[in-house]
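Trainee: Quick one: the structure is below, questions incoming.
What follows draws every value from the coordinates through simple rules; no lab data is involved. It should be emphasised that the depicted structure is a prediction, and the values quoted were computed from it without experimental measurement. Counting neighbours? That spans all protein chains shown, and the Cβs are built from the backbone with ideal geometry, glycine included.
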Amino acid sequence: MTAQAQILDDELPAVRATVDIAGATSVVAGATLVVAGVTLLADLSGALVWEEQSLLVVSDLHLEKGSSFAARGVLLPPYDTVATLGRLASVIARHDPHMVIALGDSFHDRSAHDRLSATDRDALVALQAQRDWIWISGNHDPALPSDLGGVVAEELAIGPVVFRHEPSGASGEIAGHLHPKARVSTRGRSMERRCFACDGERAVMPAFGAYAGGLSIRDAAFAKIFLAAALMAHVLGDHRLHTIAASRCY
């Protein structure tokens, strides 16, 4: 992530509230995204589903971020890994994919996997059971160990789509890393929420981790990747996704 994004990443997420965003199209439970001709479902949880491939993608879990902060003397409730794995279990149970791709920065630092509790390790093993599991390497976790289960890869191509952690702007790319969020107007006040960023040719996914922050979709980092006129923010609400032009965010 950029320096600005890293600062935001160290903030706790805002308290959730029901959102009614002026000028947005509301879709219950999820929204359809098209990337390089492939139709995908953006799930309200922040996961992305490719139904034809029975594939589910999550990005930037940042497991054990709480314990990483604790080691630096910043004490946060140590439940982020439990919360993140619990949300992941729910979305996997809902879609029952044959394959899961964790799109990088699954662990907050290089030793985070060593700090997983036995209970959290067992939960991860249960999520991987009877399905393919791909760990994409990220900048926070570039050298994942082999005992986590699944397969570790730098990137993965399926048909016209390439899954990688850091976005390059290539057509057909689905990436993470930037933790997109959108600030929108609602009932006379503003609110920031995580979002998918997509222009029809490429997409950047929101961070899935409980303690992950975000970077504004209006930041220059997104302008380098997306076609500005086509860029849409698919904003995560409490009960629905709201699709709004990025140019209307601020």
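Trainee: Rank the residues T186, T243 as a footprinting-exposure proxy: fewest other Cβ atoms within 10 Å of their Cβ go first. Can you show the working numbers first?
Mentor: Working: T186 17, T243 21.
Result, fewest neighbours first: T186, T243.
Trainee: Which of these, R94, R218, R183, has the largest mean-square fluctuation under a Gaussian network model of the chain (Cα springs below 10 Å)?
Mentor: Result for the chain, Cα springs under 10 Å: R94 fluctuates most.
Trainee: Right, another one. Select from L236, L75, L63 the residue whose mean-square fluctuation is largest in a Gaussian network model of the chain (Cα-Cα springs shorter than 10 Å).
Mentor: Fluctuation is largest for L75.
Trainee: Sticking with this one: Shape call for the range 86-169 from the C-alpha gyration tensor, a ≥ b ≥ c root eigenvalues: rounded (a/c under 1.5), prolate (a/b greater than b/c) or oblate?
Mentor: Values: a/c = 1.91, a/b = 1.14, b/c = 1.67.
The shape class here is oblate.
Trainee: Continuing with the same structure: Determine the calculated [θ] at 222 nm for the chain from helices alone, applying -39500 (n - 2.57) to every DSSP H run no shorter than 4 residues and normalising by the residue count; nearest 500 deg cm²/dmol. Walk me through the intermediate numbers first.
Mentor: Details: 5 runs with 45 residues, N = 250.
Per the formula, -5000 deg cm²/dmol.
Trainee: Just to be sure I understand: with springs between alpha-carbon atoms less than 10 Å apart, which residue in I158, I92, I225 has the highest mean-square fluctuation in the Gaussian network model of the chain?
Mentor: I158
Trainee: Stokes-Einstein D for the range 3-248 at 37 °C, 0.692 mPa s, Kirkwood Rh over Cα pairs, in µm²/s? Walk me through the intermediate numbers first.
Mentor: Values: Rh = 17.9 Å.
Estimated diffusion coefficient is 183 µm²/s.
Trainee: In percent, how large is the relative contact order of the range 60-200, given Cα pairs closer than 8 Å and 6 or more residues apart? It would help to have the intermediate numbers written out before the result.
Mentor: Working: 217 pairs, mean separation 27.9, N = 141.
Taking the mean separation of contacting Cα pairs over the length of the range 60-200, I get 20 percent.
Trainee: Roughly what would the spin-label model give for Y250 and R72, points 7 Å off Cα along C-beta, in nm?
Mentor: Distance between the two pseudo-spin positions: 3.2 nm.
Trainee: Taking the number of other C-beta atoms within 10 Å as the exposure measure, put H165, H62 in order starting with the fewest. Don't skip to the end; give the middle numbers.
Mentor: Values: H165 23, H62 29.
Fewest to most other Cβ atoms nearby, the residues stand as H165, H62.
Trainee: For the range 117-164, what does the alpha-carbon gyration tensor say about shape, rounded, prolate or oblate, given a ≥ b ≥ c as the root eigenvalues, a/c under 1.5 as rounded, and a/b over b/c as prolate? If you can, show how the numbers build up before the last one.
Mentor: Working: a/c = 2.90, a/b = 1.53, b/c = 1.90.
Oblate, since a/c reaches 1.5 and b/c is not below a/b.
Trainee: Same structure again: At most 13 other Cβ atoms within 10 Å plus a DSSP loop assignment makes a site exposed; report the longest stretch of the chain without any exposed GluC sites (Glu not before Pro). The partial results should precede the final answer.
Mentor: Working: sites that count: E11, E154.
It runs 12-153.
Trainee: Right, here's the next one. Name the shape class, rounded, prolate or oblate, that the alpha-carbon gyration tensor gives for the range 134-220, where a ≥ b ≥ c are the square roots of its eigenvalues, rounded holds for a/c under 1.5, and otherwise prolate holds if a/b is larger than b/c and oblate otherwise. Before the final figure, lay out each step's value.
Mentor: Numbers: a/c = 2.89, a/b = 1.63, b/c = 1.77.
Oblate, since a/c reaches 1.5 and b/c is not below a/b.
Trainee: Taking Cα pairs under 8 Å and at least six residues apart, what relative contact order does the chain come out at, in percent?
Mentor: Values: 598 pairs, mean separation 66.1, N = 250.
This gives 26 percent for the chain.
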